1. For the stretch 483-558, with every protein chain kept in place, what is the accessible area per residue (1.4 Å probe, Å²)?
2. Please list the non-local residues whose amide H lies under 5 Å from the amide H of D67, H modeled 1.01 Å from N, same-chain partners needing a gap of 5 or more.
3. On the accessible surface of the stretch 483-558, probed at 1.4 Å, how many percent belong to carbon and sulfur atoms?
4. How many nm separate the modelled label positions at Q435 and L530, each set 7 Å beyond the Cα in the direction of the Cβ?
5. If you count only protein heavy atoms and use a 1.4 Å probe, how large is the accessible surface of E468, to the nearest 10 Å²?
6. Between the helical axis of 78-90 and the dominant principal axis of the chain, each derived from Cα atoms, what acute angle in degrees is found, rounded to the nearest 10?
7. Length gain on complete extension for the stretch N344 to E174, per 0.36 nm per residue less the alpha carbon to alpha carbon distance?
8. Can you flag which of K295/K546; K36/K312; K121/K148; K121/K163 are past 26 Å Cα-Cα?
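The values are calculated or read from the model by the stated rules, or taken from the named source; none is laboratory data. The structure displayed is predicted, hence computed values, not measured ones. Cβ atoms come from the backbone with ideal geometry, glycine included; neighbour counts cover every protein chain shown. Accessible surface is based on the protein model in full, side chains and every heavy atom, while ligands, DNA and RNA are left aside. Shrake-Rupley method; radii C 1.70, N 1.55, O 1.52, S 1.80 Å.
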Amino acid sequence: MNKKWWKEAVAYQIYPKSFYDSNADGIGDLRGIIEKLDYLVDLGINVIWISPFFKSPMIDNGYDISDYYSVDPIFGSNADLEALIEAANQKGIKLLFDLVVNHCSDQHEWFQRAISDPNSKERDYFVIRKGNQLTNWRSIFGGSVWTKLPGSEDEYYMHVFAKEQPDLNWENPELRQEIYQMINYWLDKGIGGFRVDAIVYLKKNQAFPDFPSDGPDGLASVNLGSQNQAGIGEFLTELKAATFENYDCVTVGEAFGVPQAQLSEYSGENGYFSMIFDFTYDVPDGTNGEPWYVKKPWTVKDWKQKIYQSQKILSEFGVWSPNHMENHDSARVVNRFFEAEQINFASTTMIGALDFFLRGTPFIYQGQELGMKNATIKDPSIFDDIQTKDQYQVALEAGFSSAEALKAVLHRSRDNARTPMQWTAGNYAGFSSAQPWLPVNDDYKEYNVTVEQADANSILHFYQKMIEIRQKSAYREILIYGDFRPVYLDLDNVVAYDRHLNGKTVRVICNFQNELFNLELCPQAEKYQLILSNYEQVLSEAGLIKLNPYQVILVEIFK
Ligand code: GLC
Ligand code: CA
């Protein structure tokens, strides 16, 4: 196993619109991030992934870029960005930008030229087909992937996401060169790398076939014709060679649905990317790609198999994983896994630790370290997220009442993760002195940075401790490079695993239930050394450990 700086990192994701507002317009910005860097240094992280801040009409909050070289004025200026890169580098923090190159914005000059001049070279920068050549593919945000090209007689452009996010035609070599140039431009500015957005969609099935419909709209998921298609590897190989490979940078691919057989191609020691996110266990009671109202019963017993399986496969294929429980597209982890009355310090820190000590690089999403919960939105008109609005309609069309539809989408809404970061118990949670673009959660007086910093037993301090143990304690090597081995396989409500290196064993044990549990730690070994627990006491008698409800412990086991 090769050692790499990014394997030893702890990363933190910032959603800039909601992190900190430095100029009182209710919108987070780059200066706001600079002001809060010391908070992140204190927390102990050393990589930051920032969601997009480039010029954008904000149809998809910056994932629709109209100029890859300029910061959007709502976030500040290019000078602010340079200042941020410098400040972060000085503090030993590597910045990852969000690389959105499957599509751009319909306001990008390329698309504008493609529209205004049918003979422009930019016309071929997009995936354009005639009316009789269209497919029945459904875009991720709803409706057909085809929209009439403005001004044209009978031509349509393809968009995997919203119609304001036209897909780029990676078949065109000139377009690819423009993208590589842009990537190198930013790498030359001294950033640490990229999180690579929606990268599995680059290649479209060139036969453009129809598929059997999988929904009442008569359409079929775009994933069938555009996700991980044969030939994508050629694009990704060229991309890497022209850019990433020439820098000591890290790349983290958002790669839904990569088949097992291709995992090492994507992200083995010589893969296209340093790491790729695994989403197979992030929603316990649903599936990515299905309507959000589909909620399935789940059990800890079944769910934990997905994590065990993921860790096993990734290490078999030599893939290093960026472990995460939250991001800007997900609901808050505590709400996904627990009912309201089960959410407390213990359950929050347990689910956090369960993920944090897996093999891979931990990614913490802003506010997760405070125990932030889902948005407290009570009226659908407040939703900002384009996908939530679509899913609300999808639920209504499936026969849900408006109250039921609201409830169904609140469970998965991407706005859940996008409410303002809770800094203080003051106005607007100290995020801004003006009314924020999305309402602050109701619980901000209790859950915020200031209050939690002052409380030695807060969720924030627990996260800080976990980071310190992984980064600075005697267990550093084992927690970073140790093998992963699930244990207590026959205990349904215990999720537990060993990290193992050079004959040493550290065990993570989660009592994933709201009840006490007597655990026989290890029949042959009486001795253990407690490293971390989310309860003050670990009760142990005659070889049994009494685990409290949702207790997590990290112990070194001596055999
Ligand atoms: C990725 C992003 C998501 C965005 C989509 C389109 O999935 O994480 O926020 O909407 O790509 O760019
Ligand atoms: Ca601002």
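1. Details: 3740 Å² over 76 residues.
Using a 1.4 Å probe on heavy atoms only, each residue of the stretch 483-558 averages 49 Å².
2. K55
3. 46
4. Those two pseudo-labels are separated by 4.9 nm.
5. Taking all protein chains as shown, E468 has close to 110 Å².
6. The helix 78-90 is inclined about 30 degrees to the chain.
7. Roughly 55.8 nm would be gained on extension.
8. K295/K546; K36/K312
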